[in-house]
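Data first, discussion second: the structure below is written as structure tokens.
The values are calculated or read from the model by the stated rules, or taken from the named source; none is laboratory data. Everything numeric here is computed off the predicted structure, so don't read it as measured data. Don't worry about glycine lacking a Cβ; one is built from the backbone with ideal geometry, like all the others, and counts go over all protein chains shown.
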Amino acid sequence: MQIYLPIAELSSNILLLLVIGGAVGFVSGLFGVGGGFLLTPILMFLGIPPAVAVASQATQVVAASVSGVLVHWNRGNVDFKMGLVLLMGGLTGSSFGVFLFSLLRAVGQVDLVIALAYFITLGGVGGAMMFESVRALLRRRRRPGALRKLHQHTWVHGLPFKMRFRKSRLYISALLPAGVGFVVGMMAAIMGVSGSFVLVPAMIYLLGMPTAVVVGTSLFQAIFVAANVTFLQAVQNQTVDVLLAFLLLVGGVVGAQFGGRASGRLPADIMRILLAAIILTVAVALGYTLVVKPDDLYSLAITAANGKTP
Amino acid sequence: MTRRAAAMLMLLLSALAGFAPAAAEEPLVADLSSHLIAITTGFTGTDVVLFGAVDGAEDNAGEVIVVVVRGPSNDIIVRRKQRVMGIWINRDQVRFNGTPSYYALASSRPFDSNLDATILTPYGIGLDRMALTPETAPGDLGDFRAALVRRKVEAGAYVSAVGQVAFLGNQLFRVNFHFPANVPTGSYLIEVLLVRGGEVVSAQTTPLVIGKIGLGAEIYDFAHRHAAFYGLGAIAGALLAGFAAHLMFRRR
């Protein structure tokens, strides 16, 4: 069954969009990532213009995150205080990212920078996570009784503006989560994603938050970052296709519900390995397209629809 | 919305008024089955029939009908990738101004070298011969031009196969044009040429408007006219949808 998407200006299959939204929503609910890093490449593969894909999936991420965060909220797994501190950094970072984006566009090659940014961050994060979780898994198997220190004290704990985050059982400097939020917000603006795939590992490894709280808190801040991206894209580029977003979010919210439920049943270290595997797969696929010779060296870009008849 | 509909109607009426009186004297009359293609949310492509008549000449051995369909024009940048340090990067680019967004062709008989020399090349008819004006002209302009046509054909915006103009008897003819689901919107011009003895004896131009209608058009208009409200609406809708989904699943 076909439907015409008014902003993307092409017809697509309704069922296909629902299934894609559902699958990405499931992953989103399971791992607490926005799913933008999966959805954008898939939509582009379907022939939807990249600008429309990025903008419309941001709208879908808002809905999926709300639906996901409510599941985690009911279980008491959202650290709102931590989320707000992250968000303050995130909004500053995304404003800076928008500035950086215009700078890159003026220099040219913004597409390449986006692709490289995806490859480097996804590859780095996925690789580090995979390495860490596999090593942890092996170590635990070998010495089942070994006790682990709750956390180590480093220079990070000497930073000022210390705050107590009860939900996360942390007493750390507010500068740390704000800084993480800033970097993620900047990436969100440049790459058009909510940045959760960087935020989730950063919260686990950098901030030392418990995995159960990480997912809900990450979803909480993803709502606002994705809403910000939606608004900016709608105002600046008119590339938000509400019909496309609606179909994706119908599938997405349902998928996120199931994903949110399933996340409680899987052991944390297995979940980390799975997420790392997904991130690495996307990174490898993106890296492949950068390196391999394209089918057609030439590409077209419409610059101005001047509306004149021939 | 209403303004757009009115504009379409005006265009239609003026077009009809334009060639109704001339029909008696001209050796060629042609019209479309529909001057307006409405793209609704269920649009999956459509067919438009062009039909017409020629005055019955005694000797019609060298008679050919050629039909050219052109979409509204855009400026297009063609970029070529090059390998730099192992990565494929866009390097050279050529900008083509006033390129038709859609192009299709039909003829009542297969093109031959004679027709090519007398009509097609001078009039710039056909994908290989049409005028594409580059802003800059590098040494290998031909490659960029060929790439533009190739990518457009792949996207379905240019039709490489020449359609068949079929004669019903001696004077009546018809030809079918298919417009795919991703057809560019705007004002199209369809040119019908009557060729006799290596010369264009008569020509007629008829307009075709392809526009969004209904929900799709409303959404498109609103997104462009009230961008901020559109963005806020999209966010509000997404928040509600997420909340609704949660309530729905909690009750079960």
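Looking at A:L207, A:L199, A:L232, which one is aliphatic (A, V, I, L, M) and within 13 Å of chain B (Cβ to nearest Cβ)?
The conditions single out A:L232.
Please determine whether any residue of the range A:251-262 is more than 10 Å from chain B (Cβ to nearest Cβ), over 30 Å from B:F229 (Cβ atoms) and touching a His at 6+ places or on another chain (Cβ under 9 Å).
no
Identify the single condition in (1) free of Cβ contacts under 8 Å to residues at least 12 places away in the same chain; (2) under 22 Å from B:A241 (Cα atoms) that A:S11 does not satisfy, given that it satisfies every other one.
Exception for A:S11: condition (2).
Could you list, in sequence order, all residues of the range B:213-237 that are more than 8 Å from chain A (Cβ to nearest Cβ), in a helix (DSSP H, G or I) and modelled with pLDDT under 85?
B:E218, B:D221 - these are the residues of the range B:213-237 that are more than 8 Å from chain A (Cβ to nearest Cβ), in a helix (DSSP H, G or I) and modelled with pLDDT under 85.
Test B:V209 against the stated conditions and say whether it is more than 7 Å from every other protein chain (Cβ to nearest Cβ) and touching a Gly at 6+ places or on another chain (Cβ under 7 Å).
no
Which count do you get for residues in the range A:203-222 that are crowded, with 24+ Cβ neighbours inside 10 Å and closer than 16 Å to A:G126 by Cα?
1
Please count how many residues of the range B:59-101 are in contact with a strand residue (DSSP E or B) (Cβ under 7 Å, 6 or more places away or on another chain), in a loop (DSSP other than H, G, I, E, B) and at pLDDT below 85.
2
Can you list the helices (runs of 4 or more DSSP H) found entirely within the range A:1-101 that contain at least 2 residues being more than 18 Å from A:A226 (Cβ to Cβ) and in contact with a helix residue (DSSP H, G or I) (Cβ under 8 Å, 6 or more places away or on another chain)?
So the answer is A:14-31.
Among the candidates A:V284, A:V225, A:V240, single out the residue that is more than 8 Å from chain B (Cβ to nearest Cβ), closer than 28 Å to A:S95 by Cα and either modelled with pLDDT of 85 or more or buried (at least 20 other Cβ atoms within 10 Å of the Cβ) (or both).
A:V225
Specify the residue that is farthest from A:A8 (Cα to Cα); the eligible residues are those in the range B:238-252 that are outside any loop (DSSP other than H, G, I, E, B) and more than 7 Å from every other protein chain (Cβ to nearest Cβ).
In this case the residue turns out to be B:R251.
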